[in-house]
Each structure stands twice: as structure tokens, then as C-alpha cells.
Amino acid sequence: MAVQYRSISALRKGDTGTIILAKPAGVVEGDMLIAFISMNANKLITPPAGWINIYNPGHAYNNAQSGLYKVAGPAEPASYTFTLSGATPNRSRIIAFYSDDSIPLLMTGYSRQGTSGKATPAIIPSVTFANDNSLLAGAVTFQDEIITSSWGVMTQIFDDPWNGYSMDGAYQLIALSGATGNRNITLSAADYWTTLGVKIEETLVGYVFPYNVDFESPAADDSIHAFGIVSEGAANDDSVHISDVSLE
């Protein structure tokens, strides 16, 4: 089981205080939706219902990289409206991720970095994952739209230059738990930039899953069918509690 990339919305670009983003294709209940919003001037973001701010910079730089997330419900709208505290040129996208084993997903943290002078590479600082088979999603905003970026071990999924600025994004499947180390984004020339890296992990805590335990008795061939609910043990280990047992 692992976190996987599903799809991405079309680029939305404009210079107003309202951002309307389409739902990515194929989204189903339980998907993790990450919205990356890049602004030429930092503005506060008021999200639509169900969305939670990951990071909204509040710094003085004029290339602000923000992020928000939402776990998709059973009936998602066709689009989402984000309201800025003022008009500014902006670029934005929503990326959808899913568990290939239908395990619930969590946004478990982020890292970010910005520069007040021109530099390369841009850096997403190291993050630490508690679980194997997780995913790191990242975005960078830089000030010159003619600059290109190379993401190294990460898979780039968008490159959005517009109106003198650019926002690029990528993701990486993280096979093993632990610290990732920094992720360097090489720019074709030194520039001002800000980055945001988002951690997405599966969680078994509270997950209800079916499993079968087969027993053969002398009198009959009975199978025990049970449902287990995973909970955190005292030593932070996963324990399975059996309920709803039936015989066939």
C-alpha cells in the first residue's frame, strides 16, 4: 500500500482577488487534495468550506507560495473558490493523491524556505515521515518566468510561467520512513524563490478493514469472518481489535 498521484487541475491564472479552481479529474472520496497558490504579493487566503491552510506566508517577499489541503468527501463540487485579501497576480492548481489500498490519508506536516536574495538551487528542507510508502508534494515560486527548473529525484508535474513569475510543482513517492534530506530544485539562473513541501501519509489508526481467519472443526468446515479496527497501542504500536464476528 502506498500514496499515489492521481491527477491535477488545469492552471488557473489571473490578477483578481478571487481564485476558482476546477476539481481534478477522477477524484473520489478519501483522496487528498492539495492546492498550491502562488502570488506576486502575499495576501491572506480565505478557503472554501472543508479546506485547511497548510501555509500562508505573511512574509514581505513578493513571490509568495501558499498551500491548502482537503480530504475529498462523497460529493465534491465541480470547482472551489478561494478568496484573497486583495487583488494580485496569481497562479494556482489542485493536485489529487490517493491510497492504492484505500487507506485514509493525512496531511502530516510541511517544510518551507524562502530567499531574500537571488540564489540557486531552491530548497525544500528535509521532512521526516513516520510511515513507509508516503509522498512528498512540493511547489516553488520564483520571480523570473523565463527560468526553468530541474527537480532531481522528484517528478515534475507542472511548470506555470505567467506575468513575470513562475510556479513549478513536483512530487516524490517516499518508500521508507525517516528523514528525506533536502530536496534541491536547480534553477537555470539564480533568482528569488520560495518553496513549500507537503507530507502525505496513510494512517491505519481508526481504519476498519475486513479479514478472514479460517478454521476447520471436526464437525463442520466453518470460516470465521471478522472486522478489525486498528488503534494505537501504549507503545505506539498498531493493535488490531476484533469485532463483528460471524460464522459460515
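The values are calculated or read from the model by the stated rules, or taken from the named source; none is laboratory data. As the structure is a computational prediction, the values presented were derived from the model and not from experiment. FYI the Cβ positions are ideal-geometry reconstructions off the backbone, even for glycines, and counts take in every protein chain you see.
Quick rundown of the values:
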| quantity | calculated |
| --- | --- |
| Counted residues, the range 112-138 - those being in a strand (DSSP E or B) and either under 23 Å from R6 (Cβ atoms) or touching a helix residue (DSSP H, G or I) at 6+ places or on another chain (Cβ under 6 Å) (or both) | 7 |
| All positions within the range 162-172 that are surrounded by 18 or more Cβ atoms within 10 Å (Cβ to Cβ) and either closer than 17 Å to K13 by Cβ or among the basic types (K, R) (or both) | Y165, S166, M167, D168, G169 |
| Extreme residue, farthest from S92 (Cα to Cα), among residues of the range 160-182 that are of a type in the set (A, V, I, L, M) and assigned to a strand (DSSP E or B) | A179 |
| Residues of the range 18-43 that turn out to be within 22 Å of T194 (Cβ to Cβ) and touching a Pro at 6+ places or on another chain (Cβ under 6 Å), as a count | 2 |
| Residue count for the range 83-111, restricted to those that are farther than 15 Å from L68 by Cβ, small (G, A, S) and outside any loop (DSSP other than H, G, I, E, B) | 2 |
| Any chance Y110 is of a type in the set (F, W, Y) and within 18 Å of G138 (Cα to Cα) | yes |
| Any chance T128 is loosely packed, with under 15 Cβ neighbours inside 10 Å and either under 16 Å from S66 (Cα atoms) or of a type in the set (V, I, T) (or both) | yes |
| Among the candidates I147, I185, I157, residue that is assigned to a loop (DSSP other than H, G, I, E, B), of a type in the set (A, V, I, L, M) and either touching a residue at least 40 places away in the same chain (Cβ under 8 Å) or not assigned by TED's automatic domain parsing to the domain that holds K13 (or both) | I147 |
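One line per residue, one yes/no per condition, for (1) among the acidic types (D, E); (2) under 17 Å from Y165 (Cα atoms); (3) out of contact with any Cys (no Cβ under 6 Å at 6 or more places or on another chain):
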| position | (1), (2), (3) |
| --- | --- |
| D31 | yes, no, yes |
| A41 | no, yes, yes |
| Y55 | no, no, yes |
| L84 | no, no, yes |
| T88 | no, yes, yes |
| A96 | no, no, yes |
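The rows are residues; the columns are (1) touching a residue at least 24 places away in the same chain (Cβ under 8 Å); (2) within 17 Å of the chain's Cα centre (by Cα); (3) not in a strand (DSSP E or B).
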position: S7; (1), (2), (3): yes, yes, no
position: G30; (1), (2), (3): yes, yes, yes
position: A35; (1), (2), (3): yes, yes, no
position: S38; (1), (2), (3): yes, yes, no
position: A41; (1), (2), (3): yes, no, yes
position: I54; (1), (2), (3): yes, yes, no
position: Y69; (1), (2), (3): yes, yes, no
